[in-house]
């Protein structure tokens, strides 16, 4: 963290909290390791070195702590993102904080280290996870209340809150989160498949607005349908047509700002980069697959002006992505930090540059925007 400059300067308390409440103290005795083909258990009692290597793999590596039907359903989030989100939350001593998604309890413990004893309440939908997290919190001396419940409902009986943070991703922000936060209060949560957002509640409590703060890939809320993957969509309609693709496919693997802009512009299109190109004189060809989770697919190959798109189904996903990419380029390739979100009781939208410019994702033609100097 220090070598890569990941400790935030405006929140020096975070480093002390992480050192006081070490990550391994909140890791369960069994973790799960992906071999490339399947998840295999790694137990502390029989493979301590391997277990520890998963806990402390690196600032950008999560440790899978639970599987449900063979799919990860809970994790010890990567330290770099945990720190980044807590920095974005701007917790102060004495704040009343609501956390949604207790998981292992580590994030709640870090919050309590800052806010103080009895100031943090955490809600977890999984009763077994909640019980285990409460045991770890007590062992660490962290005074946190843990309740079993649906995070989407918040915790109205203990509100209002000065700060709200979610540790799972949502596509639509539940209005109870806003309604239960004080005017001027702050919320931080992962949005969709990329990026976490910080919102500030308006003085009248009738809306919340804020900016994207950074990258974060979190598990979705429990009960979110997984949807079909690329292979299932493709196999249902395997016949497609080919045409040139006007952009360098490698950027879809390497440029997080482009990927975020495409996520905003075409939220229902999944962009799935393939593995890095292999060795060889040409370095291999990058492959990126697109699908809508329902009936349409595309596969992009090639680079340096020689890319090809093959696509099938009722939609032309490669053409849609190319048009959104053209918009992003024409607007000066704005970074993900130029995007923000506004949430009201009956609608929400993502904007770029200026919240007054209106939504990006709901307009048939992408709006021109001007830079804004609003505080973030």
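The values are calculated or read from the model by the stated rules, or taken from the named source; none is laboratory data. No experiment lies behind these values; they were computed from the predicted model shown. Note that we place each Cβ from the backbone using ideal geometry, even for glycine, and neighbour counts take in every protein chain shown.
Does segment 1-31 hold any residues that are farther than 25 Å from residue 142 by Cβ and either surrounded by 15 or more Cβ atoms within 10 Å (Cβ to Cβ) or without any contact (Cβ under 8 Å) to a residue 40 or more places away in the chain (or both), and which are they? Before the answer, list the steps.
The initial filter retains those residues of segment 1-31 that are farther than 25 Å from residue 142 by Cβ, namely 3-5, 9.
Those that are farther than 25 Å from residue 142 by Cβ and either surrounded by 15 or more Cβ atoms within 10 Å (Cβ to Cβ) or without any contact (Cβ under 8 Å) to a residue 40 or more places away in the chain (or both): 3, 5, 9.
Consider residue 46 against the criteria (1) at pLDDT 95 or above; (2) within 27 Å of residue 2 (Cα to Cα); (3) not in a helix (DSSP H, G or I): it satisfies all of them except one. Which criterion is unmet?
It is condition (2) that residue 46 fails.
Tell me which residues, restricted to segment 49-68, are free of Cβ contacts under 8 Å to residues at least 12 places away in the same chain and part of a helix (DSSP H, G or I).
Those that are free of Cβ contacts under 8 Å to residues at least 12 places away in the same chain and part of a helix (DSSP H, G or I): 49, 53.
Wholly within segment 195-262, which strands (runs of 3 or more DSSP E) include no fewer than the required count, namely at least 2 residues that are closer than 24 Å to residue 274 by Cα and more than 21 Å from the chain's Cα centre (by Cα)?
Here the list reads 241-245.
Mind checking which pairs have a first residue in segment 313-328 that is closer than 20 Å to residue 339 by Cα and a second that is assigned to a helix (DSSP H, G or I), Cβ under 6 Å, 6 or more apart or different chains?
Sorted first by the residue in segment 313-328, then by its partner, the pairs are 324/262; 324/265; 328/261.
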